[in-house]
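Okay, so here's the structure we're looking at.
Here, each number is a calculation from the coordinates, and none is a lab measurement. Because the structure is predicted, anything quoted here is derived from the model rather than measured. Don't worry about glycine lacking a Cβ; one is built from the backbone with ideal geometry, like all the others, and counts go over all protein chains shown.
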Amino acid sequence: MGKNISIGIGVSAKPDAYAAGKEAALASLKGLPKTPTITYIFFAGDYDPYALSKGLKDALPRSEFVGGSADSVFHNEKILSKGVVAVSLYSEYLHVGVASVENASKAPRKLAKKAIMDALGKVPIDKYVDPYLMFTRMKESSVRWMVKLPSFFITLLTRGIRLPVMGDEKEIIRGISEVTGLQVPIWGGSFGTDGMNVLLGKPYDIWMLHSGKVMKDGLIVLFNTTSLLYSQSMQNGCAPTKKTGFVSKVSNGGFVVEEISNQNVVDWYANQLGVKRDAFLKDVRILTQLNPLGVPDLFGGFIIRGGGIPMGKGLAYVAPLSEGWPVYVMEGDAKHLLTASDRIKDDIANYMQTADKPALALTTLCVTRKIVLQKDTGKEIAKLRKNLGTKDVAGFVCFGETGSRPGQQAMFEHVTLNVFNLYDKLMTKMD
């Protein structure tokens, strides 16, 4: 139990959904002095979501919990393809408003605006204590830190791609930003299922949970106000080659790329990789994961689009691309991906300028990374934990990541390692 925040993490691999949910949730309560401020639930495997939700509700009858299904879940180097991870947080310095909506894909931008407004309205503010904390921060810490690190952030949990229905993350972020502005930090990820279901074209469902409510097409938004120190970053580790082009034709809102440099995308890709068209199509999913597309950003990095899936006249991606974008063929093998946590360490060290180590690193790790890394996925999490110097890394293998590098706008990305750190230290203690 920390001085300013208490963190409990429970893990269960029981085969029964009700028992697994209840065991993980109860284990996460150990060591917490009071009812959790919020509990995050990540689960993987063929669990009955309704039975799982009931087990969670019985274990957490008076507290909010949010979560959903994933390819895999993890706590430190323990990665489960079937299991439940529960992360419970309690702090007097963290207040959370939670809102969720079903059928989010019908009007994602509109419903995102509604969800963030509802979440803002549910933040439990103490009209005496919280203004005092803000006054103390202004009195004891520099104005630089008040500008650099806002006293609030958003957690965004979305439904990932479920072919033939694409994800709506870009529109959801846009809707939220129209309410809160562009500079509010956002962290989260898209829930999913076993990644092989997508690669093999098998049918699947994606489940989301909110305090007893079970959703198949959901959206969960948490607005957090805090006096706790926090940090975040996301990196992919991919390296650009000299093979370049530009997106010349897209369809389905940019989710399907039909042409690059005025060539059919399959022909262009095969030419760049030096393989025949038939050979490329035979191994298209792994080839586009190991050699993803990279779009240059404004800060010298690259936004990645990997794992192209044949659809219609082109390749479908988890996140959209726009006509006119320059693209590079990137090197995305395990050697390069494993450099991501080194870059995250440098990002956070340069921005935060503190020797303090996180008490917890909430993490979303792209399913493409797991497919490429295979047995080295645990190595990546271990390396991240060592680089951050934290006791606990917990999260899920996702279908897309929402986040940013320190101080930058939130974006929906792919093939990234995405981290949000909470510290057992108050913002008022920053020089």
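Overall form of region 266-408: prolate. Here a/c, set by the Cα gyration tensor axes a ≥ b ≥ c, is 1.5 or more, and a/b is the larger of a/b and b/c.
Kirkwood analysis of the Cα pair distances in region 1-58 returns a hydrodynamic radius of 11.8 Å. Extension gain for Asn103 to Asp342 (0.36 nm times residue separation, less C-alpha to C-alpha distance): 82.2 nm. Think of it as helices only: each DSSP H run of n ≥ 4 in the chain is worth -39500 (n - 2.57), and spread over all residues that comes to -8500 deg cm²/dmol at 222 nm. Placing one equal scatterer on every Cα of the chain and applying the Debye formula, the log10 ratio I(q)/I(0) at q = 0.06, 0.10, 0.11 Å⁻¹ is -0.23, -0.65, -0.80.
First select every other residue whose beta carbon is under 12 angstrom from the beta carbon of Gly403; then total the charges, Lys and Arg +1, Asp and Glu -1. Result for the neighbourhood of Gly403: -3. The Cβ shell under 13 Å around Thr241 holds other residues with a net charge of 0, Lys and Arg each +1, Asp and Glu each -1. For the chain, the longest principal axis of the Cα atoms and the long axis of helix 169-180 meet at an angle of about 40 degrees.
Pick from Met234, Met330, Met117: which is most flexible by mean-square fluctuation in a GNM of the chain where alpha carbon atoms under 10 Å apart are linked? Largest GNM mean-square fluctuation: Met117. The relative contact order of region 244-331, computed from alpha carbon pairs under 8 Å that lie at least 6 residues apart in sequence, is 39 percent. Entry note, the chain: relative contact order of 20 percent, from Cα contacts under 8 Å with a spacing of 6+ residues. Rounded to two decimals, the Cα-based Rg/Rh of region 246-338, with Kirkwood Rh, is 0.94. If you take the square roots of the eigenvalues of the alpha-carbon gyration tensor of region 143-192 and sort them as a ≥ b ≥ c, do you get rounded (a/c under 1.5), prolate (a/b over b/c) or oblate? Prolate is the answer for region 143-192, as a/c is 1.5 or above and a/b outweighs b/c.
Here the dipole of region 244-331 is about 200 debye; that uses its Cα centre as origin and unit charges on the Cβ of Lys and Arg (positive) and Asp and Glu (negative).
Multiplying the residue separation of Asn350 and Ala239 by 0.36 nm and removing their Cα-Cα distance gives an extension gain of 37.8 nm.
A straight Cα-to-Cα reach below 23 Å connects Lys106 with the lysines Lys114, Lys170, Lys213, Lys216, residues fewer than 8 places away in its own chain not being considered. Principal-axis analysis of the Cα atoms of the chain puts helix 49-59 at an angle of about 20° to the longest axis. About its Cα centre, the dipole of the chain is roughly 340 debye, where the only charges are +1 on Lys and Arg Cβ and -1 on Asp and Glu Cβ. For the chain, the antiparallel share of DSSP beta bridges with both residues in that region comes to about 80%.
By the beta-carbon count within 10 Å of each Cβ, the least crowded to most crowded order of Glu23, Glu401, fewest first, is Glu23, Glu401.
Compute the signed sum of charges (Lys and Arg +1, Asp and Glu -1) over the other residues within less than 13 Å, Cβ to Cβ, of Lys57. Summing Lys/Arg as +1 and Asp/Glu as -1 gives +2. Using only Cα atoms, find the angle between the long axis of helix 17-29 and the longest principal axis of the chain, and express it within 0 to 90 degrees, rounded to the nearest 10. That works out to roughly 50 degrees. As a calculated quantity, the FRET efficiency between Lys202 and Gln374 at R0 = 22 Å, using C-beta atoms, amounts to about 0.65. The Kirkwood radius of region 12-106, taken over pairs of alpha-carbon atoms, gives through the Stokes-Einstein law at 4 °C and 1.567 mPa s a diffusion coefficient of 94 µm² s⁻¹.
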